[in-house]
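Structure record follows, encoded as structure tokens.
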Amino acid sequence: EAQVTQNPRYLITVTGKKLTVTCSQNMNHEYMSWYRQDPGLGLRQIYYSMNVEVTDKGDVPEGYKVSRKEKRNFPLILESPSPNQTSLYFCASSPSIGPYGYTFGSGTRLTVV
Amino acid sequence: KNQVEQSPQSLIILEGKNCTLQCNYTVSPFSNLRWYKQDTGRGPVSLTIMTFSENTKSNGRYTATLDADTKQSSLHITASQLSDSASYICVVSASHDMRFGAGTRLTVKP
């Protein structure tokens, strides 16, 4: 089944403790992206990747890092999480930039206390 | 600034009724417009994708329209079902720049 898999689904952590949210797609998509969703704000792009070893900042990249060493994986790294990073996170992929539907993962609900 | 505004913010309708959701945008230069359905706690799922030359696109009971001149799109849902209860998100793209609307929360009641 074609899908984007995120892990974990839920995570509660403490301020300053490094964490990684994994994202993997099995569709050989070139484009992958991370979003955060907060009430009333809609989805906001954190980082995106056009292909392996090609990443770029989205609208809200501060406090986040990403890497794209392989085509299928696009992990989101929070080096020192803070409470304002408490949010619902989504990973998405598409064949490339253009009029393609994006396939979203099921989301990761992160709480930083 | 590229913006996407959706209205209404929320909507409650009775099962079997039709409804129309609106999306106005200022994103430029326009590339394509997508409508997504997002169930609570789940990732968005694509309903339609429209490019500049397309005025109307249907996906079952969902019909999206696009007026590129006025920069408006609508999503019409016919014969609503309880399973249509979800948030509907309009996404407008300009090359690498994607802008998400805040969504319309639709509740269908029996």
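Read-outs: derived from the displayed coordinates by stated rules, not from any lab. These numbers come from a predicted model, not from an experiment. Every residue, glycine as well, gets a Cβ built from its backbone with ideal geometry; the counts of neighbours run over all protein chains shown.
For residue A:1 and residue A:14, the difference between the fully extended length at 0.36 nm per residue and the C-alpha to C-alpha distance is 1.2 nm. Shape call for chain A from the C-alpha gyration tensor, a ≥ b ≥ c root eigenvalues: rounded (a/c under 1.5), prolate (a/b greater than b/c) or oblate? Because a/c hits 1.5 or more and a/b exceeds b/c, chain A counts as prolate. Under the classification rounded if a/c is under 1.5, otherwise prolate if a/b is larger than b/c and oblate if not, where does chain B fall, given a ≥ b ≥ c as square roots of the Cα gyration tensor eigenvalues? In terms of gyration-tensor shape, prolate. Near residue A:97, once Lys and Arg are set to +1 and Asp and Glu to -1 for all other residues with Cβ below 12 Å from its Cβ, the sum equals -3. Counting only the Cα atoms, the protein assembly as shown fills a convex hull of 121 Å³ per residue.
What is the sum of charges around residue B:47, taking Lys and Arg as +1, Asp and Glu as -1, for the other residues whose C-beta is under 13 Å from the C-beta of residue B:47? Charge balance near residue B:47 sits at +2.
The number of Lys pairs in chain B with C-alpha atoms less than 19 Å apart, excluding pairs fewer than 8 positions apart on the same chain, is 6.
Fully extended, how many nm does the chain gain between residue A:44 and residue A:80 (0.36 nm per residue separation, minus their Cα-Cα distance)?
11.0 nm
Net charge of the neighbourhood of residue A:26, taken over other residues with C-beta under 11 Å away and scored Lys/Arg +1, Asp/Glu -1, is +1.
Spatially, region A:63-113 and region B:44-109 are offset by 23 Å when compared through their Cα centroids. Amide H contacts of residue A:59: A:45, A:46, each under 5 Å away and 5 or more positions distant or on a separate chain (H built 1.01 Å from N in the peptide plane; Pro and chain starts excluded).
Of the trypsin sites (Lys or Arg not before Pro) in region A:1-61, the ones in a loop by DSSP (not H, G, I, E or B) with at most 14 other beta carbons within 10 Å are A:9, A:17, A:18. Derived scalar couplings between HN and Hα for region A:83-100 equal x, 6, 9, 5, 5, 9, 10, 10, 9, 9, 9, 8, x, 5, 5, x, x, 10 Hz in order, rounded to whole Hz, by the Karplus curve 6.51 cos²θ - 1.76 cosθ + 1.60 (θ = phi - 60°), x for Gly and Pro. Compared with the alpha-carbon gap, the fully stretched path from residue A:62 to residue A:97 is longer by 10.3 nm at 0.36 nm per residue.
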